[in-house]
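Enquirer: I'd like to ask some things about the structure below.
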Amino acid sequence: SQTIHQWPATLVQPVGSPLSLECTVEGTSNPNLYWYRQAAGRGLQLLFYSVGIGQISSEVPQNLSASRPQDRQFILSSKKLLLSDSGFYLCAWSVGGAEQYFGPGTRLTVT
Amino acid sequence: SQKIEQNSEALNIQEGKTATLTCNYTNYSPAYLQWYRQDPGRGPVFLLLIRENEKEKRKERLKVTFDTTLKQSLFHITASQPADSATYLCALETGSGNTGKLIFGQGTTLQVKP
């Protein structure tokens with residue numbers, strides 16, 4: 001069966017510090033991968049998606065970046081965090097462009 | 001651009017009743033529409049997918065309808081239970097080929113009282 005992992009579960013970082021969130025998927029090959037952010041009481045905002053290794057599409061201009069170094073690994077990064085980067089970050093995967101399966105999420109607080 | 005509207009007010013119902021949640025969209029009709037459940041502090045969980053040529057879909061106590069004329073989907077939970085209390089998200093495919101990109105509504109929070 002397929003599983004998706006995200007870490008860390010929670011993170012508190014000062015403004016201006018770097019960020020690296022990792023997501024890995026098991027039990028499937030060549031998935032589409034997605035990074036979302038959910039602000040408190042808000043909906044899901046798609047940040048990046050990837051249809052293959054090294055293929056990244058950005059949905060929203062921001063100081064975040066994403067990379068897909070391996071088929072089932074998706075990384076979200078920032079060189080310098082802003083207060084507005086705080087939120088709940090979710091990674092998801094899909095195959096065949098249909099339903100998406102989400103990871104447990106990372107709660108990021110930028111102080 | 002496509003916009004999705006879900007009732008932002010919480011829906012409170014009594015246990016055993018049927019809960020009905022609404023999802024309206026404003027632009028093109030998507031090839032399919034999905035519903036997800038999200039519990040506090042957790043990632044959304046896929047529930048049902050309904051395609052544009054399907055009027056209705058059922059899964060256990062869940063039923064989804066899709067009216068492309070009204071640009072609306074209704075999500076029903078029959079014989080509701082306190083365990084059904086959660087936020088329910090509507091999501092539309094964006095017509096972006098095999099990318100699987102979705103647009104999510106803000107969700108409606110359902111509270112089922114015993």
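The values are calculated or read from the model by the stated rules, or taken from the named source; none is laboratory data. Note that this is a predicted model, so its numbers are computed, not measured. Cβ coordinates were reconstructed from backbone atoms using ideal geometry, including for glycine residues, and neighbour counts include every protein chain displayed. Just so you know, the surface numbers come from the protein's heavy atoms only, side chains and all, with ligands and any DNA or RNA stripped out. Shrake-Rupley method; radii C 1.70, N 1.55, O 1.52, S 1.80 Å.
Enquirer: Please identify the longest segment of chain B free of exposed trypsin sites (Lys or Arg not before Pro), where exposed means a DSSP state other than H, G, I, E or B and no more than 14 other Cβ atoms within 10 Å.
Expert: On the way: sites that count: B:K3, B:K17, B:K55, B:R61.
The segment B:62-114 is the longest one with no such site.
Enquirer: While we're looking at this one, here's another question. When only DSSP loop residues count, what GluC sites (Glu not before Pro) in the stretch B:1-74 have their Cβ near at most 10 other Cβ atoms within 10 Å? Before the final figure, lay out each step's value.
Expert: Working: sites: B:E5, B:E9, B:E15, B:E52, B:E54, B:E56, B:E60; in loops: B:E9, B:E15, B:E52, B:E54, B:E60.
Answer by residue number: B:E9, B:E60.
Enquirer: Separate question: Once each part is reduced to its C-alpha centroid, what is the distance from the stretch B:84-109 to the stretch A:28-107 in angstrom?
Expert: 15
Enquirer: Taking the Cα atoms of chain B alone, what are Rg (to one decimal) and Dmax (as a whole number) in Å?
Expert: Taking only Cα atoms of chain B, I get Rg and Dmax of 13.6, 44 Å.
Enquirer: Sort all Cα-Cα distances of the stretch B:56-101 into consecutive 10 angstrom bins from zero, then give the percent of pairs in each bin up to the one containing the longest distance.
Expert: Using 10 Å bins, I get a P(r) of 20, 42, 30, 7 for the stretch B:56-101.
Enquirer: So which residues in the stretch A:82-111 end up with at least 20 square angstrom less accessible surface once the other protein chains are there, compared with the chain by itself, probe 1.4 angstrom?
Expert: Listed by number, the residues meeting the 20 Å² cut-off are A:F88, A:G97, A:A98, A:E99, A:Q100, A:F102.
Enquirer: Cut-off under 28 Å on the C-alpha distance; same-chain residues fewer than 8 positions from A:K80 excluded. Which lysines are left, in chain and number order?
Expert: Answer for A:K80, where 28 Å is the Cα cut-off: B:K101, listed by chain and number.
Enquirer: Ok, one more. How high is the relative contact order of chain B, in percent, with contacts defined as C-alpha pairs under 8 Å that are six or more residues apart? Display every interim value, and only then the final one.
Expert: Values: 276 pairs, mean separation 39.9, N = 114.
Computed value for chain B: 35 percent relative contact order.
Enquirer: Could you tell me which of rounded, prolate or oblate describes chain A, using a ≥ b ≥ c as the square roots of the eigenvalues of the alpha-carbon gyration tensor, with rounded for a/c under 1.5 and, failing that, prolate when a/b is larger than b/c and oblate otherwise?
Expert: On the way: a/c = 1.77, a/b = 1.63, b/c = 1.08.
It is prolate, given that a/c is not under 1.5 and a/b is the larger ratio.
Enquirer: Return a whole-number percent for the relative contact order of chain A, with Cα pairs under 8 Å and 6 or more residues apart as the contact set. Present the calculation step by step, with values, prior to reporting the outcome.
Expert: On the way: 276 pairs, mean separation 39.8, N = 111.
Averaging sequence separation for qualifying contacts and normalising by length gives 36 percent for chain A.
Enquirer: Taking the C-alpha atoms of the protein assembly as shown, how large are the radius of gyration and the largest Cα-Cα span, Dmax, in Å?
Expert: Reported Rg and Dmax, both Å: 17.7, 51.
Enquirer: For the stretch B:42-114, which whole-number percentage of the solvent-accessible area (1.4 Å probe, protein heavy atoms only) is attributable to carbon and sulfur atoms? The partial results should precede the final answer.
Expert: On the way: 1660 of 3550 Å².
Percent of accessible area from carbon and sulfur atoms in the stretch B:42-114: 47.
Enquirer: Please check the stretch B:80-114 for residues whose accessible area, probe 1.4 Å, is lower by 50 Å² or more when all protein chains are in place than in their chain alone.
Expert: Output list: B:T99, B:K101, B:F104, B:Q106.
Enquirer: Using the crude model of +1 on Lys and Arg Cβ and -1 on Asp and Glu Cβ, and no other charge, please compute the dipole size for the protein assembly as shown relative to its Cα centre, in debye to 20.
Expert: Details: 21 positive and 17 negative charges, 29 e Å.
Charge dipole, the protein assembly as shown, about its Cα centre: 140 debye, nearest 20.
Enquirer: Could you pull out the longest piece of chain A with no exposed loop trypsin sites (Lys or Arg not before Pro) in it, calling a site exposed if DSSP puts it outside H, G, I, E, B and it has at most 14 other Cβ atoms within 10 Å?
Expert: On the way: sites that count: A:R42, A:K79, A:K80.
Value returned for the longest uninterrupted segment is A:1-41.
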